[in-house]
Amino acid sequence: MNMPVGPEAWRISREVAYNGTALGALTLEMIGKETEQAPEAAAPCQSFSSARLHRYIVATIIFYHKPGCATNARQIQALKSAGHDVIAQDILKEPWDAEELRGFFGNMPVASWFNRDAARTKSGEVNPDTTDAASALALMVGDPLLIRRPLIDVDGARCAGLDHEPVLSLLGRKTQDDLEGCLHEANPTRCPQT
């Protein structure tokens, strides 16, 4: 059986995770093999947990993070626990340019491109709500701590944060609320750099 790869794999996975319904011969064939029943014995529309499909779909994820960030470590572990290969890259050492960075933000509003916990945004030195796209990218190229983390690349499908595709599909969840936000926010001890 030819398994889907890249964006097609996570699109199928997201479809299943979103509505809980598996449609199509490929999914029915997977279910049939897993349950040791013939594919034709499966119902034409069978509901099942997206976790069952995720066992068949493994993605290689380039994960741009800040080393030492407990939240990023938890996010990496969640992706690995879902069976994916994670290649962790230091977001602070990456030689960013504006065009490459822009590809991670898709149609997100400019203000959401920023790491709201960065010292420069918290102090008011940088105001994400009044910054235009070109200025935002120039600021981020000069100071990667301003970039919303993590940046994710899965076979060319890119996003910033864990609340967008392709990450939603890869984790098989509708929301990543438990994986977003700094773990230290309720704690007086903050990350040394945000």
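Of the helices (runs of 4 or more DSSP H) contained entirely in the stretch 90-153, those carrying at least 3 residues that are within 27 Å of Ala59 (Cβ to Cβ) fall at 98-102.
Filtering the stretch 53-70 to residues that are more than 13 Å from the chain's Cα centre (by Cα) and among the hydroxyl-bearing types (Ser, Thr, Tyr) leaves only Tyr56.
Each row is one residue, and each column tells you yes or no for (1) out of contact with any Gly (no Cβ under 8 Å at 6 or more places or on another chain); (2) surrounded by 15 or more Cβ atoms within 10 Å (Cβ to Cβ); (3) touching a residue at least 60 places away in the same chain (Cβ under 8 Å).
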site	(1), (2), (3)
Thr71	no, yes, yes
Ala78	yes, yes, yes
Ile91	yes, yes, yes
Trp96	yes, yes, no
Glu99	yes, no, no
Ala133	yes, no, no
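For every residue, the table says whether it meets (1) of a type in the set (A, V, I, L, M, F, W, C); (2) farther than 16 Å from Lys66 by Cα; (3) modelled with pLDDT of 95 or more; (4) within 18 Å of the chain's Cα centre (by Cα).
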site: Ile91; (1), (2), (3), (4): yes, no, yes, yes
site: Asn115; (1), (2), (3), (4): no, no, yes, yes
site: Ala134; (1), (2), (3), (4): yes, yes, yes, no
site: Leu139; (1), (2), (3), (4): yes, yes, yes, no
site: Arg158; (1), (2), (3), (4): no, yes, no, yes
site: Asp163; (1), (2), (3), (4): no, yes, no, yes
site: Leu168; (1), (2), (3), (4): yes, yes, no, yes
site: Gln193; (1), (2), (3), (4): no, no, no, no
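Here the condition is being modelled with pLDDT of 95 or more, of a type in the set (Gly, Ala, Ser) and assigned by TED's automatic domain parsing to the domain that holds Arg149; of Ala70, Ala98, it holds for Ala98 alone.
The values are calculated or read from the model by the stated rules, or taken from the named source; none is laboratory data. Every value quoted in this text rests on a predicted model; they were computed, and no experiment measured them. Every residue, glycine as well, gets a Cβ built from its backbone with ideal geometry; the counts of neighbours run over all protein chains shown.
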